[in-house]
Structure formats: C-alpha cells, structure tokens
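In what follows, a single structure is set out as structure tokens and then discussed.
Coordinate-derived values only; no laboratory data. Because the structure is a prediction, the values reported are computed rather than measured. Cβ coordinates were reconstructed from backbone atoms using ideal geometry, including for glycine residues, and neighbour counts include every protein chain displayed.
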Amino acid sequence: MNTAMNSHQAHFIAHAATLPGHDSALIHASRQAAMQRFMGMGFPTRKLERWKHTSTRVIAQTVYRHVNPGCVGLDPADLDPHLIARQGIHRLVFINGLFVNSLSDMSALPGGVQAGSLARVVNESPGVVAGCIETFPTGDDQGFSELNHALWPDGAFVHVSTGTRLTQPLHLLFITTASREPMITQPWNVLIFGSDTHALVVEHYVTLGHTTHHLTNPYTSLILDDRAHVHHLLLLGERLPANHVGTVQVTQKAGSHLGSHLFANGGERTRQEVHVTLAGAEAECALDGLFFASGRQHMDFQTSMHHACGHTRSRQLYKGILDEQSRGVFNGVIRVPPGVHHTQSRQTTANLLLSDTAEIDARPQLEIHSDAVQCSHGATVGSLDPDALFYLQSRGLDVNAARALLIHGFAEELLQRVAPAEVRGWVGRSLNPGEGVRDEDRPGIV
Amino acid sequence: MNILEVRDLHVSVMHKPVLRGVDLVLHGGGIHAIMGPNGSGKSTLAHVLAGRDDAQVTAGTMLYQGMDVLAMTPEIRAGAGMFLAFQNPVEIPGVSNVRLLKEASNAHRRYLQLPEMDAMTFRSQLQDRARRLGLADDWLLRAVNVGFSGGEKKRNELLQMLVLEPHLAILDEIDSGLDIDALTTVAEGINSLRDAQRAMLLITHYPRLLDLVVPDKVHVLIGGRIVLTGGPELAGQLEARGYGWLAEEHS
C-alpha cells in the first residue's frame, strides 16, 4: 500500500461523518464497503485484461487534494464558451464536483422533473439511490468506481417522473477550475427516468483556466424504466493535463430506448467505461462514440453490453480519429447468457489514423452463450484515402482543407445522430473534428 | 494565347512508359476528342494534366494559359481554371454535395481574389443548375457519390463543372454508364459551357457523345502516341473500322 492510497483512506476516515448520506445506514455501509474493496484491490494495473493498454501508475502515485469548492473569482461569463446556445435549456453546474446553484438554471423545468444536487437529495431521502447501489459493477478491475462510491461528495440528481416529457435538453456541466496542486473530483450522477418518459441529458466535462495534473473520476448511474426514451450525451472535453476515468452504468427496463453518444477530445489520459444491462424485453440501446486524439493523448473506451433478457437489441458504433503520437483503445464486450433468446447485437469500430505514429487497439469481445441470437461485429483501421484527397484537391481545396473535410466526413455519421440541430452544431464545434464544422452545411438545415 | 499546349510529353506510371511523346494544342473555343483503345494512355493524360502524383512526367512540357502546369499543385491548377471530370468519381462519406461544391467554389473565388459568395445566392444558383441536370431536390444533401449509380456519378461531375465554370475541362469518359436520355442531358450541359474563352478535352470510347458535342478535332491515341488526327468524321470511321488498322500501321 502506498502513500497515495493511504491519503484516500485518510480522507475517508476524516470525512466519513460529514459526507452526504452519513446519517443513513444504507449510504454509510455502501461507502464503507466500497472503501474496503478499494483498499483491497487498489487502482487497476495493466495485469488486468481490461486495463492492459492503460497505465494508472501516475494516478496511483499521486496524492490528490479532495474537493475544492473553488468557485472564488469565477465569473459566470467564463462559462459562456461551454454553454449550449438554445432557448429554454435546463442547466446544472458543478465546480470541482460540487453543485453550484447560482450558476445553474432550472427555472423552466417542467413539473414532474427533479434536478439538482445529489448530496442534498441523499441527505434528505437516501432511499432514492438504493436501486442504483444495487447495480454497482463489481470486480477486481473496478478500483476507480469503488473510490467514487466511497468518497463521492456530490453530483447530479435527476428524476423524471412517469409520463413526463423533458422537451428541452438538460445540460450537466462539470467544470474543473485552475489549481496549483493535483486535485481529484468524483461526482456521482444519478439519472432516473420513469416509465414513458422522454429526455435528452448532456453530461459535459470541461476545464477552466490552467490546471496542473488533475483527476476526474465520475460515476454515472442511468436507470430507464419501462418505455423510457432517453438520449445521453457524454462530452469529455477537459484540457490537457487532465486525467479522466469515468464509468457509466445503465440499467434498461422493458421497451426502453437509450441513445448514448460519447464525444471525447480532451485530457491527457481518458478512460471511459460504459456498462449497459438490458433487463427487460424490447429494450434497445445504441452506444455511439467518437473520439479525437492528438499529441500524446491516450484514450481508452470500454463498453459492455449485457443482454440479460430475451428480445433485446443493441448497436454500437465507435469511431476514433488519431493523430501524431496518440494512442486509442476500444474494447467492446457483448454478453448473452445461456437461455436468453432472440437478441440482436451489432458492434462496429472504425478508426482513422492520421499519422504513422498514432496507434489504435480495437477489439470486439463476444461472450455469447445462447444459440438463438443475431450478433455481428467488425473493426477497421485506415488512413485518409489518397484518391479522395486528390479528388478534393482537383476541386481546388488545398491539402489541409481536403484533409479537414475528409476527417469531418468520417465524424459526421456520429454527429448526425445528435438532435436537435443546436446541440449537434454545438457538439461539432466543441469537438472540432477536422475544423470548420459549419452547422449551415448540415443536411436538414437547408 | 493557347489554353493548353502540350509538347513532347513523356509520362511513366510505376516506371513504365505510358505516354511517349504527346503533342496537343487547344485554343479558346476548341473542343478536342481523344479516342483510343483501352490502355493507350488516355486516362493517364487526364491524370497528369490534373496533377495526380502517381504519374511521373519524364520529359516534355505542359503549358496552361502560358503557365507551367508542372509547377502548379493540383489545387492551384483547379483554382486557375482547370477541371477534370473523373472516370471513376470518388465516394466521400459524410460530406454532402453542397458542402463540397461550396468549398470548391470558395477556393476558386479565393484564387481569383473574389469575395466568397453568400450562402443564399450560392444555394439558389446551385439548386437551379441541379434541376437543369435532372437531379432530385435532395441531391445536394446526399454524400458525395455515395450510393450513386454510374450515371449519377457522371452527372455529379458535370454539376461540379457547371458550378466551377473551368477554362479547360478534361472530361474522362463522361459518357460511360449513361443511357441515351442522360447522355443528351450531359451533352447539353457541356455545350452550355462552350464559348470562345474555354477549351475542352473529351476522352471517350464512343462516337455517340461526339454526335451531340461536336469536336473540332479528333485525336487517336495508341501506345502512348497520337497516331492520327482528323475532324469529327474520324469518330464515325473509327466506329466502323475499329482501331486495329491504326495499331498495325503504328506498331
């Protein structure tokens, strides 16, 4: 055991009595058990199958400062570049993992929707997260999520009641501010969608100002009740010294539909896991991901699609664009246990390498223990097509413009799946794949 | 001034000589056709004019409006008014026709130091041209050449040509894969651009296109050399007699 791990434990011991939910036996036990498991397993190492491409050595050796309220000197205008320009957007803002009411805007939330600080909700009625605690993934590779379960100080709580339609996007903006010493932020986000609900939630991570090395370790629980129809956008756009290790855990009940759209271009080291359990018939899930890495960025995406019930459908499309010396990983597991029939699953990953020194490891992993299934997968890696480059040059575009247009074209398939148009344009501009993404040129706008 | 002046052009592809001394001069208003059997070097000539880097010029000169073509990148050639309609137009997923046409048009205008055209004017002109070529309204929003039939791709090339209004158009088998009606539409498009300022080079296997777009001269390219040049009537003779008699004479 090292100094860094001890520091997390010391923080737990010192603050267990004040962390949200400390009055609740349920929450307290959950935190304590997680801390014990974390101390037992530590941070994952490359000896673990699902961590073999990503080193956690720097993180495991850093003594982080936990939670800094740090919105001192923050001007609301600082947020502007990160806001979605659309009337009626609902917004929750978190600074270094803590909810900031004064920067949030929930004035237009319809009845039947509760959105705010998880700490506050859990202090008042801890039982609301009981269902989420049951879905925490276990395993010796879950050190980061255990640390979050033990120490989360706040996060977003969203509850959409049965039959409610959230017609405007809900923007959850997580900001890490400038700091001189390494800092860790660990929000737990609980998003619960009742039966027959509709919603679009944007979970968005950014950095303000210049920071040193910091670690964002969020954990998001998504629960979709019967026939809930949800789009979840996850935007990872932190600045370069950031390390981001995030987990999304989804449970879908009968007839529910989830569109999960991940877009990543930030951070020095990014690791995102998305675990989905399709727990009811006719549940349907589409996992999309688009990442853009350059310099020495390292990005590692792990999905697991668990068809726990028959008559469920899933589709995955992850695309990577890698330049310079960047490194990408995609590992997608599809799991169909024995006795589960009539499932459909498809997984595709396509990767574009823009330099000779960029690398991608793309691997499908199928654990199909049932015969009555349809399952397909495919992985491709390529570079920009020289014929296409010449074609564009012959139309007057210089090499850089031609490259940018081809990169944009590669990314477009995933951007197109985002609606409404303002959000799509905003994502495109935030991600800037190949530069010059102009919303006016997108189909459907002319 | 000549629009295009090619002198004693020798070109190799993968170190294999493909063009072996081609001479070609096009004046403003001129339309020349190049015919010849497969493998005679027709497409290589088109590619080398457009700047494709897999073809190496080993000897000779190419002047476009008096400028040394070899000193110009493909995009500079395009900006200066040269245009190649590809025999096999490339599919570009995720990039709409309107996006490509706008980027191309703006690049062209920048070259000419003209301001970019405003989006509304550009769109309405574009829609107008697309309709004249019988292209459906959603055409402009579709990804460039993706899922297009052979004929659709050729019409798309022509649409690009009509938007860019080149001074030298090199049309590499623009007629292949077209049915009679589409051929008529394409020929009308080509003829609409015909004026004293422009020149065109039509590379084709079939005289049918040349009945609709009547050239001033027809050149026969065999074994990397122009072996015969005649008037438009030569196309008909070639259809009747084939290339065999010429190949024997020049073997």
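Summary of computed values
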| item | result |
| --- | --- |
| 222 nm mean residue ellipticity, helices alone, for chain A (DSSP H n ≥ 4; -39,500 (n - 2.57); rounded to 500) | -6000 deg cm²/dmol |
| Pair residue B:112, residue B:249: separation of 7 Å Cα→Cβ label points (nm) | 4.2 |
| Angstrom value of the Kirkwood radius, inverse mean 1/r, which spans all Cα pairs in the range A:1-85 | 16.0 |
| Sequence-distant residues sharing a close amide H with residue A:362 (under 5 Å, placed H) | A:330 |
| Lys pairs under 20 Å by Cα in the protein assembly as shown, provided they are eight or more residues apart or on distinct chains | 6 |
| Calculated FRET efficiency for the pair residue B:237/residue B:119, C-beta based, R₀ 60 Å, to 0.05 | 0.75 |
| Phi-based couplings in Hz for the range A:55-63 (Karplus 6.51, -1.76, 1.60; Gly and Pro marked x) | 8, 10, 4, 4, 5, 5, 9, 8, 8 |
| Neighbour-count order for A:380, A:348, A:247, fewest beta carbons within 10 angstrom listed first | A:380, A:348, A:247 |
| Long-range amide H partners of residue A:377 with built H, under 5 Å | A:347 |
| At 1.306 mPa s and 10 °C, Stokes diffusion of the range A:360-420 via Kirkwood alpha-carbon radius, µm² per second | 106 |
| Fewest-first sequence of A:343, A:211 by Cβ atoms within 10 Å of each Cβ | A:211, A:343 |
| Approximate shape of the range A:95-158 as ellipsoid semi-axes (Cα gyration tensor, √5λ), whole Å, largest first | 25, 15, 10 |
| Using alpha carbons only: equivalent-ellipsoid semi-axes of the range B:73-165, gyration tensor based, whole Å | 21, 16, 11 |
| Positive minus negative residues near residue B:73 (Lys, Arg vs Asp, Glu; Cβ under 13 Å) | -1 |
| Computed [θ] at 222 nm, deg cm²/dmol, chain B (DSSP H ≥ 4; -39,500 (n - 2.57); rounded to nearest 500) | -11000 deg cm²/dmol |
| Coordinate range along principal axes, alpha carbons of the range A:82-228, Å, largest first | 46, 39, 26 |
| Neighbour-count ranking [beta-carbon atoms within 10 angstrom, fewest first] of A:426, A:188 | A:426, A:188 |
| Distance from the range A:172-212 to the range A:238-268 (C-alpha centre basis), Å | 11 |
| Cβ-placed point charges (K, R +1; D, E -1), dipole of chain A about Cα centre in debye, nearest 20 | 460 |
| For chain B: relative contact order, % (alpha-carbon pairs under 8 angstrom, 6 or more apart) | 27 |
| Relative pair counts by distance (%), Cα atoms of the protein assembly as shown, 10 Å bins | 3, 14, 21, 20, 14, 11, 10, 5, 2, 0, 0 |
| In Å, descending, principal axis extents of the Cα set of chain B | 57, 40, 35 |
| Column: log10 I(q)/I(0), Debye, Cα scatterers of the range B:9-138, q = 0.09, 0.16, 0.21, 0.23 Å⁻¹ | -0.36, -1.00, -1.33, -1.43 |
| The range A:366-427 and the range B:24-64: distance between their alpha carbon centers, rounded to Å | 34 |
| Nearest-0.05 FRET efficiency for residue A:9 and residue B:58, computed from C-beta distance (R0 60 Å) | 0.20 |
| Chain A: relative contact order in percent, alpha carbon pairs under 8 Å with at least 6 residues between | 10 |
| Neighbourhood charge, 11 Å Cβ-Cβ cut-off, centred on residue A:355 and excluding it, Lys, Arg +1 and Asp, Glu -1 | -4 |
| Cβ-defined net charge surrounding residue A:221, 12 Å radius [Lys, Arg +1; Asp, Glu -1] | -2 |
| Diffusion constant of the range B:78-125 at 4 °C, which comes from Stokes-Einstein with the Kirkwood Cα-pair radius and 1.567 mPa s, µm²/s | 107 |
